[in-house]
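J.: Have a look at this one before I ask anything.
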Number of protein chains: 4
Amino acid sequence: MLIQAMPASMQAAEAGIEFAADGRVSVGPGFRRLEAAWMDGVAAMARAGARVIVDAIFLGGAVSQQRWQKALAGLDVLWVAVRCDSAVAAGRELARGDRVHGMAVSQAEVVHQGVVYDLEVDTTHTESLACARIIAAHVG
Amino acid sequence: MLIQAMPASMQAAEAGIEFAADGRVSVGPGFRRLEAAWMDGVAAMARAGARVIVDAIFLGGAVSQQRWQKALAGLDVLWVAVRCDSAVAAGRELARGDRVHGMAVSQAEVVHQGVVYDLEVDTTHTESLACARIIAAHVG
Amino acid sequence: MLIQAMPASMQAAEAGIEFAADGRVSVGPGFRRLEAAWMDGVAAMARAGARVIVDAIFLGGAVSQQRWQKALAGLDVLWVAVRCDSAVAAGRELARGDRVHGMAVSQAEVVHQGVVYDLEVDTTHTESLACARIIAAHVG
Amino acid sequence: MLIQAMPASMQAAEAGIEFAADGRVSVGPGFRRLEAAWMDGVAAMARAGARVIVDAIFLGGAVSQQRWQKALAGLDVLWVAVRCDSAVAAGRELARGDRVHGMAVSQAEVVHQGVVYDLEVDTTHTESLACARIIAAHVG
């Protein structure tokens, strides 16, 4: 939803976000600036009392998590890994029909590298509703 | 999008938001609290340097605007009225097929009562793209 | 898609289709007439040389299949059961967010009663893409 | 919806349908064969008693209409032109955000060349609901 909310120019420029034909995603300084402003805003919503679920893909692994840790400093956060076997993820990507083929395999491992979680769910063999219930049980 | 992001319980409870069969919309204290946190977050995004477009319906007219004015204090804001003749709005509501019939007529006048704008566009006879260009010309 | 293509009046009238709050679906004579015309049209497309995939829910079990068998007389048909454990189907129904709760459980068994298949797939533990590949392997 | 129902291969092959970057659309023999089978099926639905609305773009003008006239022979048809000024159509195309830019201008005139209508509506300045009511008044 962040990407959809960004100006169209951000998807066409080197400064923005680029989806390569092989599924690799790269982002530039313009994207980073908007992303940082968005993180500050999400943190402000939580500080104002809203309980917020953020669904983020840590393209940079541990470095991505550090950005969020800095933005959310002082807030009570439950870090949840949502894993999926890369072959199953690739099949779901194809069945969706609206994704650049290759993103799932390319991201399945890298987004978890060096990331520290409080809880892990795996959608390979567990229904999404069942995963949601596991997470909900950890949110007081 | 705020309403979609709220918990499902918010659409079923008296504290939340209610869409009456005649198109009237009423909101309770639970909705107000989440809305206030969201406004704070949007303001934080703008203070962090993002240029943000907010599409809001001022169900309370001037009172709704005052809530936003307070949240956005110190920020550079262009207030734009997007008007539409209520009969035309009702026709578009029907053609969309996904709205409670009556909302358009019920809201066409009330959302502008006492609200102060920098700019007004009217989609009754002007294409949305042309309206967007008028607004864009006022955003340096 | 048949239901979406029907006149809006068909979803409001006793002659049409009704989705009860408990997930039961009942259809009247007006629905049956349009459905029969649609079946004739689908059969005509196949007779004209198009290879057609029909995704139908046999609310009447064997009686529903007989309607299709009559419409498709003389055509080469592969009848495929797409099964799903009712508890898992109910979870997916809830996760979709756009279905009357109860339909999945209500239909999980009844739509297969007395129906004769050439092939069966089960999406309870098998990805939809893998199921599609099993079916594709049976279509020359 | 015909294009969405076609196999994905049809959008990648020379025999199928091609959307050029300038908005031109060209179709090959594979597309024509499926389109002809589809027309036969639509006609069969109407002959079986269903009242059908077909929304078609006559890329070939009069030649396209002749294909439909042949398929619908003997049926009672109301041919309706839905026109729109090409500049307004281009603006709507851009505002939709999901179309190849240039299609609207490229098609605005050509799809009506040599086509014979019973009724004409123009959405340039008339709301779609009002156009629908004009058409409905001509359908007994």
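J.: Return the FRET efficiency for the residue pair B:T124, D:I134: r is the Cβ-Cβ distance, R0 is 22 Å, and the value is rounded to the nearest 0.05. Don't skip to the end; give the middle numbers.
T.: Numbers: r = 19 Å, r/R0 = 0.87.
So, using R0 = 22 Å, E works out to roughly 0.70.
J.: Considering only DSSP beta bridges where both residues belong to the protein assembly as shown, give the percentage that are antiparallel (nearest 5). Walk me through the numbers before you get to the answer.
T.: Details: 12 of 28 bridges.
Once the DSSP bridges in the protein assembly as shown are tallied, antiparallel ones form about 45 percent.
J.: Considering only the label points, 7 Å along Cα→Cβ from Cα, what distances in nm to one decimal separate B:Q69 from the same position in each other copy, shortest first?
T.: Copy-to-copy label distances at B:Q69, shortest first: 4.4, 6.6, 7.4 nm.
J.: Sort all Cα-Cα distances of the protein assembly as shown into consecutive 10 angstrom bins from zero, then give the percent of pairs in each bin up to the one containing the longest distance.
T.: 3, 12, 21, 25, 25, 12, 2, 0
J.: For B:H101 and B:L78, FRET efficiency with R0 = 35 Å and r from the beta-carbon atoms, rounded to 0.05?
T.: 0.60
J.: Right, something else. Kindly tabulate the residues in region D:40-66 with an accessible-area decrease of at least 10 Å² between the chain alone and the assembly of all protein chains, using a probe of 1.4 Å.
T.: Listed in order, they are D:D40, D:G41, D:A44, D:M45, D:A48, D:A50.
J.: When the accessible area of the protein assembly as shown is computed with all protein chains present and a 1.4 Å probe, what percentage of it is carbon and sulfur? Working shown, then result.
T.: Working: 18820 of 34180 Å².
The C+S portion of the solvent-accessible surface of the protein assembly as shown is 55 percent.
J.: Also: Using a 7 Å offset from Cα along the direction of the beta-carbon, what are the separations from C:L119 to the same position in each other copy, nm, ascending?
T.: 4.0, 4.5, 5.7
J.: If exposed GluC sites (Glu not before Pro) are those in a DSSP loop with at most 14 other Cβ within 10 Å, what is the longest stretch of chain B that has none?
T.: Values: sites that count: B:E14, B:E109.
That gives B:15-108 as the longest site-free run.
J.: Using +1 on the beta carbon of Lys and Arg, -1 on that of Asp and Glu, and nothing else charged, what's the dipole of chain B about the Cα centre, debye to 20?
T.: Values: 12 positive and 15 negative charges, 69 e Å.
Rounded to the nearest 20 debye, it is 340 debye.
J.: Round to the nearest 10 and report in Å² the accessible area of C:W79, as given by a 1.4 Å probe over the protein chains' heavy atoms.
T.: C:W79 has an accessible surface of roughly 50 Å² with all protein chains in place.
J.: Suppose you put the label 7 Å out from Cα in the Cβ direction; list, shortest first and in nm with one decimal, how far C:D98 is from each other copy's label.
T.: 0.7, 0.9, 1.0
J.: Treating only the Cβ of Lys, Arg, Asp and Glu as charged (+1, +1, -1, -1), what charge dipole size does region B:61-140 show about its Cα centre? Round to the nearest 20 debye.
T.: On the way: 7 positive and 9 negative charges, 45 e Å.
With Lys and Arg at +1 and Asp and Glu at -1, about 220 debye.
J.: Another question about this same structure. Show me you know the interface measure: the accessible area buried between B and A, both chains summed, probe 1.4 Å, in Å² to the nearest 100.
T.: Counting both chains, the buried surface is close to 800 Å².
J.: Would you calculate the separation in nanometres between label points at A:V54 and B:S9, each defined as 7 Å from the Cα along the Cα-to-beta-carbon direction?
T.: That separation, rounded to one decimal, is 2.4 nm.
J.: Right, here's the next one. Rounded to the nearest Å, what's the spacing between the alpha carbon centres of region A:66-92 and region B:54-83? Just the number, please.
T.: Measuring centre to centre over Cα atoms gives 34 Å.
J.: Starting from the 7 Å offset along Cα-to-Cβ, what nm value, one decimal, do you get for the label separation of B:V116 and A:E109?
T.: In this crude label model, B:V116 to A:E109 measures out at 6.1 nm.
J.: Provide Rg over Rh for region A:35-93; use the alpha carbon set for both Rg and the Kirkwood Rh (inverse mean inverse pair distance).
T.: Ratio of gyration radius to Kirkwood radius for region A:35-93: 1.05.
J.: Follow-up question, since we're still on this one. Please pull out the direction-averaged projected area of chain A, using the convex hull of its alpha-carbon atoms, in nm² to one decimal place.
T.: Seen from a random direction, the Cα hull of chain A projects 9.0 nm² on average.
J.: Also, I was wondering about something else. Using the heavy atoms of the protein chains and a 1.4 angstrom probe, tell me the accessible area per residue for region D:4-97 in square angstrom.
T.: On the way: 5640 Å² over 94 residues.
Averaged over the residues of region D:4-97, the accessible area is 60 Å².
J.: How about B:K70: which aspartates and glutamates have a C-alpha closer than 14 Å to its C-alpha, ignoring those fewer than 8 places off in the same chain?
T.: Within reach: B:E35, B:D40.
J.: Ignoring everything but the protein chains, give the 1.4 Å probe accessible area of D:C84 in square angstrom, nearest 10.
T.: Solvent-accessible area, nearest 10 Å²: 30 Å².
J.: For the rotation taking chain C to chain A, which residue of C has the Cβ nearest the axis, and how many Å away is it?
T.: Axis relating chain C to chain A; nearest Cβ residue and distance: C:H125, 4.
The values are calculated or read from the model by the stated rules, or taken from the named source; none is laboratory data. Everything numeric here is computed off the predicted structure, so don't read it as measured data. All Cβ positions, glycine included, derive from the backbone under ideal geometry; neighbour counts span all protein chains shown. Just so you know, the surface numbers come from the protein's heavy atoms only, side chains and all, with ligands and any DNA or RNA stripped out. Shrake-Rupley method; radii C 1.70, N 1.55, O 1.52, S 1.80 Å.
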